[in-house]
Amino acid sequence: MKTAKKNKYPRMANYVVIRRGKDGGITARNCIIGEEIELTEIQAGYLMSLNGKRDPFSIPGFTSKQCRELYELFDDMLMIRKKKHGNRVGLTFMLTLFVPKRLRATKSIIPKILNFLLMITFLPAFIMGIHSCLICENYISAEYEAVGLILSIVIGLLAHEFAHAIACISCKNGRFLEMGLMFNFFPGAYVILDDSRIKSRLAKIQINLAGIEMNLLISGVCLLIAYHPMFSSGVQSSFSGIFFMAAVENAILALINLLCVRGFDGEHVLSLLVGKSSLARDSAKVVKSLFAGPSINKLFGNSRHVSSNTFASVCTGVVVVCIQSILPIMLLFDVVCTIGELF
Amino acid sequence: MVWIIIIFLSIFIFLLVGKLRFTKGYENTWLFIFIAIAFSPMNILYGWRLADSLFWLESDLFKFVWTLVFIFAFLSADEIVLGIIGRLVWQNQQEYIDEDKNSYLESCMDDFEDPLY
């Protein structure tokens, strides 16, 4: 049994969104794992009463046994927050950097302007940067390359997540709930958004692509700074190595995020385009059933029309599973390279 | 020349998906497959060229791994760009029903014995 600390009580997590539907039913959405569940009035009442200021095991209107059972239920559902700045979801440790005070959707025009500017400038900036790189014959200084590498990864990751947040809150019912750093196999950054009430599919696609757009924009701008004659002279040329590394790292971040690998932005976008909630998960299921499930005839069904689209779904699954294989290959390769460089 | 091939190939794929009767309602799924087939040769060629030009000092294994990354990234980019156009062209498409969408929370609720009942 998990016990609450004396002066620091657990509270309902800020990334849990509770809504009452038109039929009067209450749903709670966990925006970290992207799942929803229906709650009874009493369950919702208990969850919402956890405000961090009262003991979760002695809530008025509930017995201690009821409090304990409900607390354990919501703790298993990852809907209770015990620590202000840290959280663990499976093997991933998350360090909270920022939680907005106002959790309702904003009506401000500034996110809309920023998102629009990002959409129209990322590609021209990247193309101009590549053009500068190809035509310029300036020497890129190798000084400070390591500094550029570290700075560009940190700034690139944070800017990537910030772009997702801006794109989400620029939409009518989009909400930005939290931002921070996460540590799994590799360090990264995260942002928790609630886009469940955004109806437009293209708006959701733009939210998922905003991070990649930001990385390409940073890459283009850094290439322009590193190679453009206006910047690459005098003092600036000493620092051209920083900007060059920043450009390369951000381009690689953008490229890797485009991959249709589970958890990456490319997979989210392709899932929205194909019409599945998770292309990676569905593809794994489909391919698994080919080898270990029902026979192909049963999978395709009897109707000719249904079977052709099931065939399409199976082919899509095979392609996506092939793409998924790149991630373990890359991870293994990085480990081997790192060990090789150490010795 | 390459851009002309890409444009004509894309137009051909869109016409093919639009004309075939069995793709009706699942146009983006079929676009995904046809794009993967049609653009693979180009992705492989340019993926290898890019890896070779960027990492010309590195070993063949290094170049091979990055070639794979570039191939799949180019494929994803093609799928996304043409998929967005597909969604704009064919707006009324079928959605796949995902039975496992809320599986984690539902399993927590299934294991829960409500003490209030």
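Peptides A:327-333, A:40-46: what's the order by average Cβ count within 10 Å, highest mean first?
Highest mean packing first, the order is A:40-46, A:327-333.
Apply the membrane-span-like helix rule to chain B: whole DSSP H runs, Cα extent along the own long axis of at least 15 Å, mean Kyte-Doolittle hydropathy at least 1.6. List the helices found.
The answer, listed by residue number, is B:2-19, B:60-89.
Quick one: dipole size for the stretch B:18-117, taken about the Cα centre, charges +1 on Lys/Arg Cβ and -1 on Asp/Glu Cβ, in debye to the nearest 20.
So the magnitude is around 1040 debye.
In this model, which of A:LYS8/B:LYS101; A:LYS101/A:LYS285; A:LYS172/A:LYS285; A:LYS8/A:LYS65; A:LYS112/A:LYS285; A:LYS22/A:LYS204 are farther than 32 Å apart at the alpha-carbon?
A:LYS8/B:LYS101; A:LYS101/A:LYS285; A:LYS172/A:LYS285; A:LYS112/A:LYS285
Please order A:VAL314, B:VAL2 by the number of other Cβ within 10 Å, starting at the fewest.
Exposure proxy ranking, most exposed first: B:VAL2, A:VAL314.
Below 8 Å between Cα atoms, with a sequence gap of 6+, how large is the relative contact order for chain A in percent?
Relative CO of chain A lands at 14 percent.
Averaged across B:25-32, how many Cβ atoms of other chains sit within 10 Å of each residue's Cβ atom?
For this peptide, the per-residue mean of nearby foreign Cβ atoms is 6.
Contact order normalised by length for chain B, with contacts defined as Cα pairs under 8 Å and 6 or more residues apart; what percent is it?
So the answer I get is 29 percent.
Averaged across the residues of A:311-319, what count of C-beta atoms belonging to other chains lies within 10 Å of each residue's C-beta?
The per-residue average across the peptide is 5.
Could you work out, residue by residue across A:205-216, how many beta carbons of other chains sit within 10 Å of that residue's beta carbon, and then give the average as an integer?
1
Place a +1 charge on the Cβ of each Lys and Arg in the stretch A:47-137 and a -1 charge on the Cβ of each Asp and Glu, then give the dipole magnitude about the Cα centre in debye, rounded to the nearest 20.
Rounded to the nearest 20 debye, it is 580 debye.
Which helices count as membrane-span-like in chain A under these terms: full DSSP H, at least 15 Å along the axis by C-alpha, Kyte-Doolittle mean of -0.5 or more?
Those that clear 15 Å and a mean of -0.5 are A:110-135, A:145-169, A:201-227, A:240-258, A:279-292, A:304-324, A:326-342.
Counting just the Cα atoms, what span does the protein assembly as shown cover along each of its three principal axes? Round to the nearest Å and put the largest first.
So the extents along the principal axes, rounded to whole Å, are 75, 65, 51.
Determine the relative contact order of the stretch A:51-204: mean sequence separation of Cα pairs under 8 Å and six or more apart, normalised by residue count, in whole percent.
Reported as a whole number, the value is 25 percent.
Using a Gaussian network model on chain A with a 10 Å cutoff between Cα atoms, which of A:SER170, A:SER277, A:SER219 fluctuates the most?
Per the Cα network of chain A with a 10 Å cutoff, A:SER277 tops the list.
Under the rule of -39500 (n - 2.57) per DSSP H run of 4 or more residues, summed and divided by the residues of the protein assembly as shown, what mean residue ellipticity at 222 nm is obtained, to the nearest 500 deg cm²/dmol?
About -20000 deg cm²/dmol.
Viscosity 1.002 mPa s, temperature 20 °C: give me the Stokes-Einstein translational D for the stretch B:4-63 in µm²/s, with Rh taken as the Kirkwood radius over C-alpha pairs.
Taking Rh from Cα pairs, D becomes 159 µm²/s.
Classify the stretch A:158-265: rounded, prolate or oblate, from the alpha-carbon gyration tensor (a ≥ b ≥ c, eigenvalue square roots; a/c under 1.5 rounded; otherwise prolate if a/b is larger than b/c)?
It is prolate, given that a/c is not under 1.5 and a/b is the larger ratio.
Which shape class, rounded, prolate or oblate, goes with chain B when its Cα gyration tensor gives a ≥ b ≥ c as root eigenvalues, a/c under 1.5 marks rounded, and past that a/b bigger than b/c marks prolate?
Here chain B falls in the oblate category.
Please report A:HIS164, A:HIS85 as a ranked list, fewest other C-beta atoms within 10 angstrom at the top and most at the bottom.
A:HIS85, A:HIS164
Sequence neighbours fewer than 8 away in the same chain don't count; with that in mind, list the aspartates and glutamates whose C-alpha is under 20 Å from B:LYS63.
A:GLU249, A:ASP334, A:GLU341, B:ASP52
Since every read-out is calculated from the coordinates, none of them should be taken as a lab result. Keep in mind it's a predicted model, so treat the numbers as computed, not measured. FYI the Cβ positions are ideal-geometry reconstructions off the backbone, even for glycines, and counts take in every protein chain you see.
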